[in-house]
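Colleague: Dropping a structure here in structure tokens format, bear with me for questions.
The values are calculated or read from the model by the stated rules, or taken from the named source; none is laboratory data. No experiment lies behind these values; they were computed from the predicted model shown. Cβ placement follows ideal geometry from the backbone for every residue including glycine, while neighbour counts extend to all protein chains displayed. Just so you know, the surface numbers come from the protein's heavy atoms only, side chains and all, with ligands and any DNA or RNA stripped out. Shrake-Rupley method; radii C 1.70, N 1.55, O 1.52, S 1.80 Å.
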Amino acid sequence: MHNLPKKRWWSGALFFNTDWKILLLEPTYKDNWEIPGGIIEEDESPKETCRREIKEELWLDVEVWELLCLEYQREEDDSYMFIFDGGVLSDRDINNIKI
């Protein structure tokens, strides 16, 4: 079993504001900006992960739409990220974000 490849599975959402600017977060634990999202937990679908992470990171309860793409990265191991369409956030939604 220890010889099997390790893969990390992530899920996140791409959000825009009404000016079509992308919402990015600056995590305190790493040096790069990211879309809202996180690691897929056991017995959780990518879409469920995306909604959960949005609630945890932004305090927003929003519907995520269709899958836009599956991103692959190779770092120390393989990483896959499901990126969903989060839609356009209204000014009200943006004002309700809590970091």
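Colleague: Show the residues, 5+ positions off or on another chain, whose built amide H is closer than 5 Å to the amide H of ILE40.
Modeller: Those lying under 5 Å, H to H, from ILE40 are TRP9, TRP10, SER11.
Colleague: Follow-up. Here are a few candidate values for Kirkwood radius over Cα pairs in Å: (i) 15.9; (ii) 13.7; (iii) 14.3. Which one was actually calculated from the structure I just gave you?
Modeller: Correct label, based on the coordinates given: (iii).
Colleague: Nearest 10 degrees, 0 to 90: what angle lies between the long axis of helix 46-58 and the longest principal axis of the chain (Cα atoms)?
Modeller: Compared with the principal axis, the helix lies near 50 degrees.
Colleague: Do any trypsin sites (Lys or Arg not before Pro) in region 1-55 lie in a DSSP loop with no more than 15 other beta carbon atoms within 10 Å, and if so, which?
Modeller: Here the sparse-neighbourhood loop sites are LYS6, LYS21, LYS30.
Colleague: Calculate, for the chain, the solvent-accessible area per residue in square angstrom, rolling a 1.4 angstrom probe over the heavy atoms of the protein chains.
Modeller: 73 Å²
Colleague: Please go through region 3-99 and write out the chymotrypsin sites (Phe, Trp or Tyr not before Pro) that DSSP classes as loop and that have at most 16 other C-beta atoms within 10 Å.
Modeller: Here the sparse-neighbourhood loop sites are TRP20, TYR29, TRP33, TRP59, TRP65.
Colleague: Can you pull the Rg over Rh of region 56-99, Cα-only, Kirkwood?
Modeller: Rounded to two decimals, Rg/Rh equals 1.11.
Colleague: Select from the chain those GluC sites (Glu not before Pro) which occupy a DSSP coil region and have at most 15 other Cβ atoms within 10 Å, ordered by residue number.
Modeller: Sites meeting the loop and neighbour criteria: GLU41, GLU42, GLU44, GLU63, GLU66, GLU75, GLU76.
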